[in-house]
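The values are calculated or read from the model by the stated rules, or taken from the named source; none is laboratory data. The structure presented is a predicted model; accordingly, all values stated were derived computationally and were not measured. A quick note on method: Cβ atoms are made from the backbone with ideal geometry, for glycine too, and the neighbour counts reach across all protein chains shown.
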Number of protein chains: 2
Amino acid sequence: MQIFLEQLHQVLDQKYILTEDQDKNPYLTDWRKRYTGKALAVVLPRTAQEVAQIIRLCAINQVAVVPQGGHTGFCGGATPDSSGKQIVLNLKRMNTIREIDVANQTITVEAGCILQAIQEKAAAQDFLFPLSLGAEGSCMIGGNLATNAGGTNVLRYGNTRDLCLGLEVVTAKGEIWNGLKGLRKDNTGYDLRDLFIGSEGTLGIITAAVMKLYPLPISQWTTLVAADSVVSTITLLNLFQKRATSLLTGFEMMTQESLDLNEKHFPQMANPLKGNPPYTVLIELSDHESEAHVRQLLETILEEAFEASLITDAVIANNLAQANTFWHMREHITLAQAEEGANLKHDITIPLSALESFIEETDALVRAKFPGVRIINFGHLGDGNLHYNIAPPIGVDHKAFNLTNEKPIHELVYAQVERCQGSISAEHGVGQLKLEGLRAHKGEVAHELMKTLKRALDPQNILNPHKVVSI
Amino acid sequence: MQIFLEQLHQVLDQKYILTEDQDKNPYLTDWRKRYTGKALAVVLPRTAQEVAQIIRLCAINQVAVVPQGGHTGFCGGATPDSSGKQIVLNLKRMNTIREIDVANQTITVEAGCILQAIQEKAAAQDFLFPLSLGAEGSCMIGGNLATNAGGTNVLRYGNTRDLCLGLEVVTAKGEIWNGLKGLRKDNTGYDLRDLFIGSEGTLGIITAAVMKLYPLPISQWTTLVAADSVVSTITLLNLFQKRATSLLTGFEMMTQESLDLNEKHFPQMANPLKGNPPYTVLIELSDHESEAHVRQLLETILEEAFEASLITDAVIANNLAQANTFWHMREHITLAQAEEGANLKHDITIPLSALESFIEETDALVRAKFPGVRIINFGHLGDGNLHYNIAPPIGVDHKAFNLTNEKPIHELVYAQVERCQGSISAEHGVGQLKLEGLRAHKGEVAHELMKTLKRALDPQNILNPHKVVSI
């Protein structure tokens, strides 16, 4: 390994090869402090050429490499294992925004650009870069692409995959694929781009990307509405999809128990809807015409929803500050859960037509088998994406409860996901967290196809091994 | 081969294994009659299980299989070679629409469903299935997926790839991957779906798919406008993108020479804009609110375009019949070219920011080197997709001209495409037509990655060999 480290010095300046514990440590634990690993070294390349040279050295020396951006992932995909034999390749120095192309409505960014920096750069040119998620001040676009990140704008603009037109990738051979084209149509062979997106650094290392930009909306209106049942919220969603179509940019659901927890830890985040109804839905419309136009449209649809008894109450934000408060309420559920103590999380997607049956049946099963638990169910309902989390009964020790009940609760919830043809990872990826369960979830044929692809593109198994799929 | 044919009879009824010339012939020549091959047999399975059994027999007997839908492709991707040793696997009997899921806004269709049948089934339930292209009365969704078809609605709804949520695929091993999930978010491993889409049957055979549906617009307005320059059309596009955003569903450009040709062969298709301007643009807005709303928006934007001198004339269609006439004018360019005699076609994409330079420079080079030729340049400008076709000078024999000039003209145009970082196949795919040029276009690294994928997923090279990529 000494030889390998010496070879690295021929590629990178000494200060960009971290081997001392105090220098390495910040890169060895994820943001949520759930995973900690060891590393031979942390390397900080500045260019795709440097990344390629490093990978060639890894290939020669059989050293595994863990690519890393902001290290904000939820599944341990960017944390090295405990062997101390892997290197972490952190891309934060590759943080140049290479180009904004106004006529083509694209932005070319390096993997280490912080998401918020890209949003701000786009906004300065009167464009929207729609990818938006909780970690946007820390996460990097390379990690967003590697995990195909979701977030709150998927309903209108799609996942990270849908926002990407081209990639620059370093392969397991240490070659650079320059696929940085900003084209909306390109049918020249296999879709390499989408193969690398979402592969969590196991098939190649994304070093840059061409991303789509959109015109900035000139007006947004946000409302909170109360619904009595899941089926009402789905019918309400379909109504908004039909009437507002692509003006609908947010449709987030929060259950009573989720907002009870919020209020307990953040009293200022109490639900402004009277009596905290069974289901509170945050709806956002965005418009490029005029404030009056979108406000009128929102009111018309809400009237229709009242008449059809889909909703029982509604509050429209009067200004941007109040709209932000509504969104903060939604975002604080995550923080309230952290305050309350670790719970059992499920980031799942269910087809909208099966959502009612999923929630009713799973709620009943969970409550029957684990009396007193709290079901903190909230999420991006417009995408069928629920964060269906189970907290212990009030007063019960979280650690002890989770230790005993983690396996049976996961099994129960995931069995329900399978019954409904859903996904066990909507937007957080696989990483190491969901590696074990993936074969059963995907089925033998798909899982074998994944292994075949991994073996073909990384035959030495040096790119983020034992993440997503083990070969 | 006799043994193989006998084994096939254990899978399919005699009448679905065509071996007589008169039965096979309709499957051996493509729609445009540019490619003709031979086949050992044409097989017509009804289920994914039958397809899988056939592929297993092909694998055992080393027989190559050419999957086929409506056989309307432009690049010979679904035509067998001349050896007579391949079989054609036509999917037209797999034409069941398995399900429409209203709440989930999805439709599950078998590969042999005709595109128009899917559009009609969707419309009967008040949904839009947006994929729309010239061959829609004959082409099948399996072929649309295999080639990632484009068409006139890409600007708003994306390519076929963007409309697909899940697939059922028979692999080269004869296994069935059931990936028929209707989920908007699913980050559980590698993107197998997008790998099969656009692979033209060379990595697996798509037997069914879950496709997205959209609410039907309630009003559409179509206009023709006149522009003096390419840069005006691009600025006009950006203006419409900013003001109308997703209400903009069509933005098609036609040059003066394209419409001259139209008028020559179809006088009733003459340009209604005075004097047939250098660039005629067809613009369509679609709305879910009201006719008055979208009409008003269109007029406002056109006023702004006049004031900014982006356009010199405009005609708004007064009714649906006139709107259809505008679209027919656009579509008749293809027919007018056929009437005039074969020309040299280029289905290309150019980044919008490079389009002006591409057209001006390429036009000048073509006219200088091939005096008197007519440049029939038209296309989906909103996607940067041009059909940049070269017809011989008036009075010159088409066949003789094409024979002499095909190679240098293709080389000139494609060199310009490379200079502008464009694509040599925007929406028609690779098939056999563009197989040779692909390595140079993609670059060595991407082309090797494609070969690696082909070898990994089809090691015996039995799935549509020598299409897209040769191994």
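Would you point out which residue out of A:THR36, A:THR29 is touching a Gly at 6+ places or on another chain (Cβ under 9 Å) and either hydrophobic (A, V, I, L, M, F, W, C) or under 28 Å from A:ALA338 (Cβ atoms) (or both)?
Values: A:THR36 fails: touching a Gly at 6+ places or on another chain (Cβ under 9 Å).
The conditions single out A:THR29.
How about the stretch B:377-471: which helices (runs of 4 or more DSSP H) wholly inside it have at least 2 residues that are more than 30 Å from B:THR235 (Cα to Cα) and acidic (Asp, Glu)?
On the way: elements: B:398-419, B:438-442, B:444-457.
Those helices (runs of 4 or more DSSP H) span B:444-457.
Can you find even one residue in the stretch B:131-142 that is touching a residue at least 60 places away in the same chain (Cβ under 8 Å), in a helix (DSSP H, G or I) and crowded, with 24+ Cβ neighbours inside 10 Å?
Yes, the stretch B:131-142 has at least one match.
For the list (1) under 22 Å from the mean Cα position of the chain (by Cα); (2) more than 13 Å from every other protein chain (Cβ to nearest Cβ); (3) within 29 Å of A:VAL66 (Cα to Cα), I need the number of the one condition that A:LYS467 fails.
(2)
Within the stretch B:96-121, how many residues are more than 14 Å from chain A (Cβ to nearest Cβ), in contact (Cβ under 8 Å) with a residue 24 or more places away in the chain and under 25 Å from B:LEU183 (Cβ atoms)? Please lay out each step first, then the result.
As a first pass, look at the stretch B:96-121 and keep what is more than 14 Å from chain A (Cβ to nearest Cβ): B:96-97, B:109-121.
Add one more test, that the residue is in contact (Cβ under 8 Å) with a residue 24 or more places away in the chain, and what stays is B:97, B:109-115, B:118, B:121.
Now drop any that are not under 25 Å from B:LEU183 (Cβ atoms), which leaves B:97, B:109-113, B:115, B:118, B:121.
The number of residues fulfilling the criteria is 9.
Given the condition more than 23 Å from the chain's Cα centre (by Cα), assigned to a helix (DSSP H, G or I), on the phi > 0 side of the Ramachandran plot and surrounded by 18 or more Cβ atoms within 10 Å (Cβ to Cβ), answer yes or no: does some residue in the stretch B:231-241 qualify?
no
So if I check each of A:THR96, A:THR106, A:THR72, A:THR79, which one is surrounded by fewer than 19 Cβ atoms within 10 Å (Cβ to Cβ) and hydroxyl-bearing (Ser, Thr, Tyr)? Walk me through it before giving the result.
On the way: A:THR106 fails: surrounded by fewer than 19 Cβ atoms within 10 Å (Cβ to Cβ); A:THR72 fails: surrounded by fewer than 19 Cβ atoms within 10 Å (Cβ to Cβ); A:THR79 fails: surrounded by fewer than 19 Cβ atoms within 10 Å (Cβ to Cβ).
Matching residue, one of A:THR96, A:THR106, A:THR72, A:THR79: A:THR96.
Do the conditions hold for A:GLU6, that is, is it surrounded by fewer than 14 Cβ atoms within 10 Å (Cβ to Cβ) and modelled with pLDDT of 95 or more? Even if it seems obvious, please write down each step before you answer.
On the way: surrounded by fewer than 14 Cβ atoms within 10 Å (Cβ to Cβ): yes; modelled with pLDDT of 95 or more: yes.
Yes, satisfied.
If I ask for residues that are over 16 Å from the mean Cα position of the chain (by Cα) and either away from chain B (no Cβ under 14 Å) or over 24 Å from B:GLN241 (Cβ atoms) (or both), which ones from the stretch A:123-145 would you list?
The answer is A:ALA123, A:ALA124.
For every residue, the table says whether it meets (1) away from every other protein chain (no Cβ under 14 Å); (2) not aliphatic (A, V, I, L, M).
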| site | (1), (2) |
| --- | --- |
| A:THR207 | no, yes |
| A:LEU216 | no, no |
| A:LEU248 | no, no |
| A:LEU259 | yes, no |
| A:GLU284 | yes, yes |
| A:ASP287 | no, yes |
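Please work out which residue is nearest to B:GLN432 (Cα to Cα), limiting yourself to the stretch A:173-194 and to residues that are more than 7 Å from every other protein chain (Cβ to nearest Cβ) and under 25 Å from the mean Cα position of the chain (by Cα).
Looking at the filtered set, the residue picked out is A:ARG193.
Against the definition (within 24 Å of A:PRO130 (Cα to Cα) and not charged (D, E, K, R)), how does A:THR249 come out, yes or no? I'd like the intermediate steps shown before the answer.
Working: within 24 Å of A:PRO130 (Cα to Cα): yes; not charged (D, E, K, R): yes.
Answer is yes for this residue.
Search the stretch B:289-315 for residues being among the hydrophobic types (A, V, I, L, M, F, W, C) and surrounded by fewer than 18 Cβ atoms within 10 Å (Cβ to Cβ), and hand back the single one that is nearest to the other protein chains (Cβ to nearest Cβ).
Ranking the candidates gives B:ALA292 first.
If you check A:ALA208, A:ALA227, which single one turns out to be over 24 Å from the mean Cα position of the chain (by Cα) and either in the same structural domain as A:LEU248 (by TED's automatic domain parsing) or closer than 21 Å to A:GLY429 by Cα (or both)? Outline the logic, then answer.
Values: A:ALA208 fails: over 24 Å from the mean Cα position of the chain (by Cα).
Only one candidate qualifies: A:ALA227.
Within the stretch B:9-48, how many residues turn out to be exposed (fewer than 14 other Cβ atoms within 10 Å of the Cβ) and either under 24 Å from A:VAL445 (Cα atoms) or over 29 Å from the mean Cα position of the chain (by Cα) (or both)?
8
Considering every residue within the stretch B:391-405, establish whether at least one is within 20 Å of the chain's Cα centre (by Cα) and either surrounded by 15 or more Cβ atoms within 10 Å (Cβ to Cβ) or modelled with pLDDT under 95 (or both). Full working, then the answer.
Just the residues of the stretch B:391-405 that are within 20 Å of the chain's Cα centre (by Cα), to begin with: none.
There is no residue in the stretch B:391-405 that is within 20 Å of the chain's Cα centre (by Cα) and either surrounded by 15 or more Cβ atoms within 10 Å (Cβ to Cβ) or modelled with pLDDT under 95 (or both).
Condition test on B:LEU282, is it modelled with pLDDT of 95 or more and part of a loop (DSSP other than H, G, I, E, B)?
Numbers: modelled with pLDDT of 95 or more: yes; part of a loop (DSSP other than H, G, I, E, B): no.
In short, no.
Which of the residues that make up the stretch B:433-454 are on the phi < 0 side of the Ramachandran plot, facing chain A (nearest Cβ under 7 Å) and without any contact (Cβ under 8 Å) to a residue 24 or more places away in the chain?
Taking the stretch B:433-454 and keeping what is on the phi < 0 side of the Ramachandran plot, we get B:433-442, B:444-454.
After this cut, where a residue has to be facing chain A (nearest Cβ under 7 Å) as well, the list is B:438, B:441-442, B:445-446, B:449-450, B:452-453.
Within the stretch B:433-454, B:LYS442, B:VAL445, B:ALA446, B:LEU449, B:MET450, B:THR452 qualify.
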